[in-house]
Amino acid sequence: MIAVELRMMLRRPRVWLCWALLCALPALVAVLLAATRLAPPPGRGGAFLSAVVANGQLFPAAALALVLPVFLPITVAIVAGDAVAGEASAGTLRYLLVRPVGRLRLLAAKLLSVAVFVLLAVLLVTATSYGVGVAAFGFGPDAAVGGAGGIASLSGAVLTPFDLLLRTAITVGYLALCMLALGAVGLFFSTLTDSPPAATLGVLALVVAGAALQPLDAAAAIEPFLPTAHWLAWIDLYRDPILWEDLRAGIEVQAGYVLVAFGAAWANFATKDITS
Amino acid sequence: MSVDGAAITDVIATDGLTKRFGRVTAVDSVDLRIPEGVRFGLLGPNGSGKTTLVRMLLGLVHPTSGAMEVLGRSMPRHAAWVLPQIGALVESPAAWGHLSGRANLRLLDAAGPGGLGRLRRDRRARVEQALERVGLAGIDRRPVRAYSLGMRQRLGIAAALLRAPRLLLLDEPTNGLDPRGIHEMRALFTELNDAGTTVVLSSHLLSEVEALCTRVGVMDAGRLVLSQDLDALRAPTGRVLLRTPDPATAVAVLDGRVERRSGDVLTVRHDDPAALNAQLVANGVRVSALEAQRRSLEQVMLELTGAGADRVDRGRGTPGAGAPAGEVRR
Ligand SMILES: Nc1ncnc2c1ncn2[C@@H]1O[C@H](COP(=O)(O)OP(=O)(O)OP(=O)(O)O)[C@@H](O)[C@H]1O
Ligand SMILES: [Mg+2]
């Protein structure tokens, strides 16, 4: 079932469209920046955007910061919300279950395909934006002297290319985990309804609610547990030395979301009457 | 659950199977026995619980109370053992619309148990054979989205046949097929049945069930009101329909055996039309037509069942109001 599910996902036009759009937005921004050389002043606009004009190698980080607040959650909500509800509304769910595919196996396969989707999404954005960034902005001031040279971190110190690669890899993993948490919630919502749009909108409502509550002082007590709370913690990876505290808290909370949401999905789906 | 020696040969055995959806009782303490090797037709008005019963037998819907055994093992506990031996069509066929019929069958087959192992090698052959059986062998790469209703129905039946099931559980399999298609499917089901597959299907087409099935069950408002061999059901009723130009004389001659008289047609309680004919002729009654009465399936259905749940009359409190009063109603 797991192999079948992955093959199914890769054959869905919608999935490719999501990936294409995710990669297109940063590319568009890069083209505009390169054409105008009008970088937002430091501290305003997307994180890193002011720095990328000087060095294209930082563009993946800027691209991730661009798609993170809205684009990425939307695509995850679409794919995860469709996971079970899509099969239910198409009627294929009952035929899968009588094949038989065990219900736990079905859910696990769906979660795995969501995981693969988010990982590939983040990776694709990173890879394409690296290419686009280098093409548009070059390797920075040292490039002429020693090839791909050092990059200034947010704290000012210089990072070696290997260091940057490592930090980017951790960023990709961390963001994939954050999005997987959202995807797991989407999977849970998807078992509650037979309508994919309802599940998708449920996930987006959660994201919007989280973003709305986050800046409120009155919500300070629950702030660390909001789904969106630690989404920006990865920016600390580009400081020197890396500030791990927030990242560690983020990993814990997001992994907790995955476990709790998957448990809830299983609790609901295991004994659910399939009447679709 | 009663599993005595005889019950082992039942492919389906339910005991007091009940399903409530909130206040609606969709299936109401059904005790159904289907012996191995029969062609079983499940009949009943709209909303009488046929689909819900099929869903329960497949472990899709969990019974509120009662127990069931399929292929001799209790469901849904032994679903992993039972379901691979069943081919099913539930309510209507379904497929991934953006893929071709062939790709659909391959993926569905691969999703099942052992999909990546032993069964992998002959998957293509099995898919082709299933498509061939339902008459879709030459199907092109069009996505299922572009299929006609009948093609989807055939594809759904092909999916049920993929793993050479011991039991076919088909909910309205001929829905949307043209007369030729219905005829082909009947031939297919008979052929499979001759090879040992038990075929259970639900249908609204009485003529279809009459032509195909050896045994019928009738549901009404969630209850199983009848489960009998078709031959027994359609056996002579012990009455003879007599048409005569001399009804008055006939009534006098037959002395209390006449149950009903309408115009020149009399309904006579008598087992043997030949003997009756001889008696009438000997007494000078002219006979224009004489026939042993047999119940048609339609008659049985109308007698047994009330109005379907899709018909919601005002002030409907008495079930079956508006339908012919049932003599055989239990
Ligand atoms: N998910 C559900 N929630 C509530 N009621 C339901 C549900 N599914 C079925 N029912 C009710 O259960 C009853 C039986 O429905 P079912 O679909 O089993 O009938 P059916 O015999 O298959 O009808 P048809 O011949 O029209 O297909 C109906 O009254 C229906 O309204
Ligand atoms: Mg039905």
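Condition first: away from chain B (no Cβ under 11 Å), at pLDDT 90 or above and over 25 Å from A:SER195 (Cβ atoms). Can you find one or more residues in segment A:1-23 that meet it?
For segment A:1-23, residues away from chain B (no Cβ under 11 Å), at pLDDT 90 or above and over 25 Å from A:SER195 (Cβ atoms): present.
If you take just the helices (runs of 4 or more DSSP H) that sit entirely in segment B:156-256, which of them hold at least 3 residues that are closer than 27 Å to B:GLY16 by Cα and at pLDDT below 90?
The helices (runs of 4 or more DSSP H) meeting that bar are B:230-233.
Give segment B:41-74 a look and list any residue that's more than 15 Å from ligand 1 (Cβ to nearest atom) and open to solvent by less than 10 Å² (accessible area, probe 1.4 Å), or say none.
Those that are more than 15 Å from ligand 1 (Cβ to nearest atom) and open to solvent by less than 10 Å² (accessible area, probe 1.4 Å): B:MET68, B:VAL70.
In segment B:154-172, what residues are open to solvent by 20 Å² or more (accessible area, probe 1.4 Å) and within 16 Å of ligand 1 (Cβ to nearest atom)?
B:GLU172
Is it the case that segment B:137-153 has a residue that's more than 17 Å from A:LEU93 (Cα to Cα), open to solvent by less than 40 Å² (accessible area, probe 1.4 Å) and hydroxyl-bearing (Ser, Thr, Tyr)?
Yes, that holds for at least one residue.
Residues B:LEU205, B:LEU212, B:LEU201: which one is closer than 30 Å to B:SER29 by Cβ, within 14 Å of ligand 1 (Cβ to nearest atom) and in contact (Cβ under 8 Å) with a residue 40 or more places away in the chain?
None of the other options fit; the residue is B:LEU201.
Tell me, please, whether a residue that is open to solvent by less than 30 Å² (accessible area, probe 1.4 Å), away from chain A (no Cβ under 14 Å) and within 16 Å of ligand 2 (Cβ to nearest atom) can be found in segment B:206-214.
yes
Checking B:LEU105 against (1) more than 10 Å from chain A (Cβ to nearest Cβ); (2) more than 22 Å from B:ARG215 (Cα to Cα); (3) open to solvent by less than 10 Å² (accessible area, probe 1.4 Å); (4) in contact with a Ser or Thr (Cβ under 8 Å, 6 or more places away or on another chain), which single condition isn't satisfied?
B:LEU105 satisfies every listed condition except (4).
I need a count of the residues in segment A:243-276 that are more than 14 Å from every other protein chain (Cβ to nearest Cβ) and open to solvent by 40 Å² or more (accessible area, probe 1.4 Å).
Counting residues in segment A:243-276 that are more than 14 Å from every other protein chain (Cβ to nearest Cβ) and open to solvent by 40 Å² or more (accessible area, probe 1.4 Å) gives 13.
Give the residues of segment A:87-110 that are more than 10 Å from A:MET1 (Cα to Cα), more than 9 Å from every other protein chain (Cβ to nearest Cβ) and open to solvent by 30 Å² or more (accessible area, probe 1.4 Å), sorted by residue number.
Listed by number, the residues that qualify are A:SER89, A:ARG103, A:LEU104.
For segment B:6-60, which positions are aromatic (Phe, Trp, Tyr) and either within 13 Å of ligand 2 (Cβ to nearest atom) or under 20 Å from B:LEU168 (Cα atoms) (or both)?
B:PHE40
Residues in segment B:27-39 that are within 15 Å of ligand 1 (Cβ to nearest atom) and either open to solvent by 10 Å² or more (accessible area, probe 1.4 Å) or not assigned by TED's automatic domain parsing to the domain that holds B:PRO84 (or both): how many?
Matching residues across segment B:27-39 total 2.
The values are calculated or read from the model by the stated rules, or taken from the named source; none is laboratory data. Since the structure is predicted, the reported quantities are computational estimates derived from the model, not experimental observations. Note that we place each Cβ from the backbone using ideal geometry, even for glycine, and neighbour counts take in every protein chain shown. To get the accessible areas, we keep the full protein, side chains included, count just its heavy atoms, and leave off ligands, DNA and RNA. Shrake-Rupley method; radii C 1.70, N 1.55, O 1.52, S 1.80 Å.
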